[in-house]
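Below is the structure I would like to discuss, written out as structure tokens.
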Amino acid sequence: MKKTTALNPISTPLNSTTLIEASAGTGKTYTMASLYLRLLLQAGQNNFPQPLTVEQILVVTFTEAATQELKERIRRRIHFAKQQLNEYRQHRDKSVFTATDNAVLAELVDGIEDLELAVQRLHFAEQNMDLAAIYTIHGFCRRVLMQYAFNSGVNFELELLKDESELLLRLSNDFWRRHFYRLSLPAATFIDQKLGSPQQVLAKIKQHLTQQELKLPENRPHFFTMPLADFIQQYIEKRQERIIQLKQAWLNNRAKIEELVLNEINRDYPRGTPKGSNVTRTTRRIPRLGSMGFMLGRRTNRRRMYPIP
């Protein structure tokens, strides 16, 4: 295990990789601004081999708000440091740095050989803060992709989306058009009843896009490996055809079914006689309607299934 040491913004190495761990309220922004000044001035212990400009120092944070706050804090520190170094150059009194945000300059100033050049560097840095490389993570990634568009192969008009909801909806609508618009009426009716609309489907699966993993049914995993067109053809189309056939057979035998239902509703069974026994015998005279049954409802709202052989 590597040993951890307390952070010293004056002696922290700037010529190597350093991992800094800090919790909330420990002065992260202040420390970053202090290290930023060191890089501009090439000051302090273990400093960088050469002074850097604001365009050569990359600062990456998480949110847009944090980026703007950090940029303003660094800008103020640079402006104040320029004034303090000017005053120190005239009076050589380190008390000018005491009890200020730039108190670290009291220890750094002895290592600055040319104060006039240091003030000039700070002046240029302040003037060019709009060009400072202070970004969010996604903002920096976009800048690199745009700067090296030929190497990365991205579009020159690459747009950074902070909210992908509109894009997901467009993809859902496009998927809906490509796969469902050419379906037969029965299959389209099934899709409308079960899925509703692209917006409803997206709302159901959105959590699985980035967070929860979608669990596939173990008994029919091939449903998710076969092409969607084949699934619709083999399962949805055939199912809807059987339903249509059943409905047509029901209409063709409407009179017989009505007679059967009315007789059953008005029949009184002797005690101990299984209900529906007469229906089962009677239905054998009705042409085959398929493997599906039909429900009979009495006035008492009790429901019974009578199979049609």
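The values are calculated or read from the model by the stated rules, or taken from the named source; none is laboratory data. Fair warning: this is a prediction, and the values are worked out from it, not measured in the lab. In this analysis, Cβ positions are derived from the backbone assuming ideal geometry, glycine residues included, and neighbour counts consider all displayed protein chains.
For the subset of segment 158-180 comprising residues that are outside any helix (DSSP H, G or I) and of a type outside the set (A, V, I, L, M), which member is nearest to Leu209 (Cα to Cα)?
Among those residues, the one meeting the criterion is Glu164.
Return the residues of segment 18-31 that are free of Cβ contacts under 8 Å to residues at least 40 places away in the same chain and either more than 34 Å from the chain's Cα centre (by Cα) or not in a loop (DSSP other than H, G, I, E, B) (or both); say none if nothing qualifies.
Listed by number, the residues that qualify are Lys28, Thr31.
Do you know which residues across segment 240-261 are among the polar types (S, T, N, Q) and either over 22 Å from Ala188 (Cβ atoms) or not in a helix (DSSP H, G or I) (or both)?
Selection gives Asn252, Asn253.
Given the criteria at pLDDT 80 or above, in contact with a Gly (Cβ under 9 Å, 6 or more places away or on another chain) and more than 30 Å from Thr63 (Cα to Cα), does Gln245 qualify?
yes
Only one residue in Val119, Val109, Val59, Val96 is outside any loop (DSSP other than H, G, I, E, B), touching an Asp or Glu at 6+ places or on another chain (Cβ under 7 Å) and aliphatic (A, V, I, L, M). Which one? Give the derivation first.
Working: Val119 fails: touching an Asp or Glu at 6+ places or on another chain (Cβ under 7 Å); Val109 fails: touching an Asp or Glu at 6+ places or on another chain (Cβ under 7 Å); Val59 fails: touching an Asp or Glu at 6+ places or on another chain (Cβ under 7 Å).
On inspection, the qualifying residue turns out to be Val96.
Another one. Give the residues of segment 43-53 that are touching a Gly at 6+ places or on another chain (Cβ under 9 Å) and surrounded by 18 or more Cβ atoms within 10 Å (Cβ to Cβ), sorted by residue number.
Step one: of segment 43-53, the residues touching a Gly at 6+ places or on another chain (Cβ under 9 Å) are 43-45, 47.
Those that are touching a Gly at 6+ places or on another chain (Cβ under 9 Å) and surrounded by 18 or more Cβ atoms within 10 Å (Cβ to Cβ): Ala43, Gly44, Asn47.
Take the conditions among the aromatic types (Phe, Trp, Tyr), farther than 14 Å from Gln42 by Cβ and in contact (Cβ under 8 Å) with a residue 40 or more places away in the chain and apply them to Phe62. Does it pass? Give the derivation first.
Details: among the aromatic types (Phe, Trp, Tyr): yes; farther than 14 Å from Gln42 by Cβ: yes; in contact (Cβ under 8 Å) with a residue 40 or more places away in the chain: yes.
So Phe62 passes the test.
Same structure, new question: Please give the number of the condition Asn155 fails out of (1) over 21 Å from the mean Cα position of the chain (by Cα); (2) part of a helix (DSSP H, G or I); (3) farther than 30 Å from Glu237 by Cβ.
For Asn155, the failing item is (2).
Right, next: Answer yes or no: is there a residue in segment 127-135 that is surrounded by 14 or more Cβ atoms within 10 Å (Cβ to Cβ) and either out of contact with any strand residue (DSSP E or B) (no Cβ under 8 Å at 6 or more places or on another chain) or part of a helix (DSSP H, G or I) (or both).
Yes; the residues of segment 127-135 include at least one that is surrounded by 14 or more Cβ atoms within 10 Å (Cβ to Cβ) and either out of contact with any strand residue (DSSP E or B) (no Cβ under 8 Å at 6 or more places or on another chain) or part of a helix (DSSP H, G or I) (or both).
Pairs under 8 Å by beta carbon, first residue among the aromatic types (Phe, Trp, Tyr) in segment 233-258, partner surrounded by 11 or more Cβ atoms within 10 Å (Cβ to Cβ), six or more apart or different chains?
Every condition considered, the pairs that remain are Trp250/Ile257; Trp250/Leu289; Trp250/Phe294.
Please state which of the following conditions Gln90 fails to meet, knowing it meets all the rest: (1) under 18 Å from Arg38 (Cα atoms); (2) surrounded by fewer than 18 Cβ atoms within 10 Å (Cβ to Cβ).
(1) is the only condition that Gln90 fails.
Only residues in segment 261-282 that are under 20 Å from Trp250 (Cβ atoms) and modelled with pLDDT of 75 or more count as the first member; pair them with residues that are surrounded by 10 or more Cβ atoms within 10 Å (Cβ to Cβ) and polar (S, T, N, Q), Cβ under 9 angstrom, at least 6 apart or cross-chain, and list the lot.
If the second residue must be surrounded by 10 or more Cβ atoms within 10 Å (Cβ to Cβ) and polar (S, T, N, Q), the pairs left are Asn263/Asn278; Asn263/Thr282; Glu264/Asn278; Glu264/Thr282.
Filtering segment 159-188 down to residues that are touching a Leu at 6+ places or on another chain (Cβ under 7 Å) and exposed (fewer than 13 other Cβ atoms within 10 Å of the Cβ), which residue is modelled with the lowest pLDDT?
The selected residue is Leu161.
Just one of (1) in contact (Cβ under 8 Å) with a residue 24 or more places away in the chain; (2) assigned to a helix (DSSP H, G or I) trips up Leu183, so point out which.
Every listed condition holds for Leu183 apart from (2).
For the condition within 22 Å of Leu115 (Cα to Cα), part of a loop (DSSP other than H, G, I, E, B) and of a type outside the set (Ser, Thr, Tyr), what is the one hit in Asn8, Asn47, Asn15?
Within the list Asn8, Asn47, Asn15, the selection yields Asn47.
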